[in-house]
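The values are calculated or read from the model by the stated rules, or taken from the named source; none is laboratory data. What you are looking at is a predicted structure, and each value in this text was computed from that prediction instead of being measured. Heads up, the Cβs are rebuilt from the backbone with ideal geometry, glycines too, and the neighbour counts pull from every protein chain shown. Only protein heavy atoms, including side chains, enter the accessible area calculation; ligands, DNA and RNA are left aside. Shrake-Rupley method; radii C 1.70, N 1.55, O 1.52, S 1.80 Å.
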Protein chains: 2
Amino acid sequence: MRFWWVNHKQTWRQEIGGEYLWCPKEEKDGKRSQFYDNVRNARRGDLVLSYASGKVSFVGVVLDNSISAPKPVEFGNRGEYWSREGWQLPVSWTELPQPVVPKEILGQILPLLPEKYSPLNDAGNGNQKAYLAEISNDLFDVIIAASKMDRDVLDGVPDSPIDLIEDTLDESVENAIRSDLSLSDTERRQLCLARKGQGTFRKNVKDIERACRITGVDTSDLLIASHIKPWRSCQSASERLDGNNGLLLTPSIDRLFDKGYISFDDDGNVLISSRLSTDDAIRFGLRQGYTRRTFSDRQKFYLEYHRKSVFLP
Amino acid sequence: MRFWWVNHKQTWRQEIGGEYLWCPKEEKDGKRSQFYDNVRNARRGDLVLSYASGKVSFVGVVLDNSISAPKPVEFGNRGEYWSREGWQLPVSWTELPQPVVPKEILGQILPLLPEKYSPLNDAGNGNQKAYLAEISNDLFDVIIAASKMDRDVLDGVPDSPIDLIEDTLDESVENAIRSDLSLSDTERRQLCLARKGQGTFRKNVKDIERACRITGVDTSDLLIASHIKPWRSCQSASERLDGNNGLLLTPSIDRLFDKGYISFDDDGNVLISSRLSTDDAIRFGLRQGYTRRTFSDRQKFYLEYHRKSVFLP
């Protein structure tokens, strides 16, 4: 378990109310940010202190891995310079019995701040560039103690509905498709069927792929037509229905691929995430680097997205 | 591929219009019926001649295995003595260019009729007891030729939405739950979440089961809380939420269990359907008779239903 500290920007109400964190994938100049990468690094069960307006008022437990997701609509005009697509991390927040103002206990806090990528400067103010910063268990405990919260409250991860963010995003995309009058009835129907890997999309994938690339299963009703670039992230109708944007996978392999636990390199080698335990990899019959078949150029285009935005390194 | 002949009863319009066959599981006196068992025996890709009112007017291709399903509501008062639960088989029907009256070509047909379980008697009338009868390829071809249909039309199985019947039944159960005013909001919500293996049901299953009984995977977000007695077939809210009515399974094993390709005996031994190829069984890591752990009495109660009404022998 790791401990984190988030310096919310102008969207803290939306993030607390919506039970998540959201950040762009990069700085506005295109540079990598350790603070944004940390949203990708956080895992189910990690604990997060929520800092805004000079005080820590909430503590959260991470419910699942982050996913690539559009900027939440409830942000409105806030963060206009942020990219449209970012990382979203589901977090269950609990209000502290007593908010903690770091400046008031600076003597305790200063020696515990990380040397690099610290959320606070030496004066106890939030670092301008910081978003999600890793902190030590000791610093976390100091803040929780000052808040008068019973530490036991934080034991155990709430068993929330799985894939809550994914389902919510999918629903909003589906609603947009259903009300898009520039599409014909048939197009709307096929685009919605594609969400579940059905209809035209499935047919298109079957024209290209014959069997599950990991298990070799080729029995139709045991295979899912799985999007490489997720349905919700596609930029157009043609991406959503493109047979090159799909693989036929058994349900377990589909799940691993969809959750970013596995991906493929361009030569068809399996990539296994460090987040999947060796035991589980064996149980699912995975072998690192196992090659079944190479990919077409169109498939490689989508796989690049998968490796960058779905796969968990 | 096998060939079948159905003598519709008074529900032929519903069965043709709804793209299925439906029959009770047993005779009204509780006796087994070969004609009803045949609905269980039919498989994807099999061809069916539809006979009603003295003529064969449609030919159908079986889209999927049959499932246990309530008597279709569109039957209304027809077949009132039939049991509430029966077998439903998805079939895609095509009208013949010219209906065929068997009596008019009785000379050709008689020698090709099966000796046992024939759909017609020697006078060319439908046998009273017959429902789905197996016929020879030769008899099938005689009828198709007489109908002036191009036999090639029947090549290939339409790629229809998978699990169409299951989804339709689930939807109608969910609508009933949503409009059941005898339930509280929370109950309605939990019953609907249970359909997807979420919420209270999942929590209840996790109190009893720890890992997938086949693969041993114990990572929560890679496991589905799967109903043993299907959600749609449960008789009460308590059955739908009962943790003893669930197993934690990886998505592929969940699919095999849900589609009746595997089940368990009371000692925890895996049963593998004859419909699953040996190749696929190996690809999914299945071993006949492999025991992980025995079941509780409450689990055995639900497993008996699964073996009888879901498992494909």
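Scaled against 2.2 N^0.38 Å for its residue count N, the alpha carbon radius of gyration of the protein assembly as shown is 1.13.
Cα centroid separation, the stretch A:114-186 to the stretch B:174-208: 27 Å. Over all other residues within a Cβ to Cβ distance under 14 Å of A:LEU106, the charged ones net out to 0, with Lys and Arg as +1 and Asp and Glu as -1. For the stretch B:112-265, the Cβ-based charge dipole about the Cα centre amounts to some 640 debye (Lys, Arg positive; Asp, Glu negative; other atoms uncharged). Sorted shortest first, the separations between the A:GLN128 label point and its copies elsewhere in the assembly read 9.4 nm; each point sits 7 Å from Cα along the Cα-to-Cβ line. Each label point was placed 7 Å from the Cα along the Cα-to-Cβ direction; for B:ASP159 and A:ASN121 their separation is 6.0 nm. Note on the stretch A:15-141: Lys pairs 8 or more places apart or on different chains, Cα atoms under 17 Å apart, count 7. Using the Cβ of A:LEU63 as centre and a radius below 11 Å, the other residues enclosed give a net charge of -4, where K and R count +1 and D and E count -1.
On a per residue basis, the convex hull of the C-alpha atoms belonging to the stretch A:228-300 measures out at 94 Å³.
Computed as a quarter of the hull surface, the mean projected area of the alpha carbon convex hull for the stretch A:31-107 stands at 6.7 nm².
In the context of the full protein assembly, B:ASP258 retains an accessible surface of approximately 80 Å², using a probe radius of 1.4 Å and ignoring ligands and nucleic acids.
The residues A:SER53, A:SER92, A:SER83, sorted by heavy-atom accessible surface at 1.4 Å with ligands and nucleic acids left out, run A:SER53, A:SER83, A:SER92 from largest to smallest. Per-residue ellipticity at 222 nm from helix content only, as computed over the protein assembly as shown with -39500 (n - 2.57) for each DSSP H run of at least four residues, stands at -8500 deg cm²/dmol. Overall, chain B carries a charge dipole of about 680 debye about its Cα centre when +1 sits on the Cβ of Lys and Arg and -1 on the Cβ of Asp and Glu, all other atoms neutral. Charge tally around A:ASP159: other residues with Cβ under 10 Å, Lys/Arg +1 each, Asp/Glu -1 each, net +3. Take the Kirkwood radius over Cα pairs of chain A, plug it into Stokes-Einstein at 20 °C and 1.002 mPa s, and you get 101 µm²/s for translational diffusion. Report, to the nearest 10°, how far helix A:297-309 tilts away from the longest principal axis of the Cα atoms in chain A, using its own Cα long axis and a range of 0 to 90°. In chain A, helix A:297-309 runs at an angle near 20 degrees to the longest axis. Counting Cα-Cα pairs of the stretch B:19-157 in 10 Å increments starting at 0 gives whole-percent bin shares of 11, 40, 37, 12, 0.
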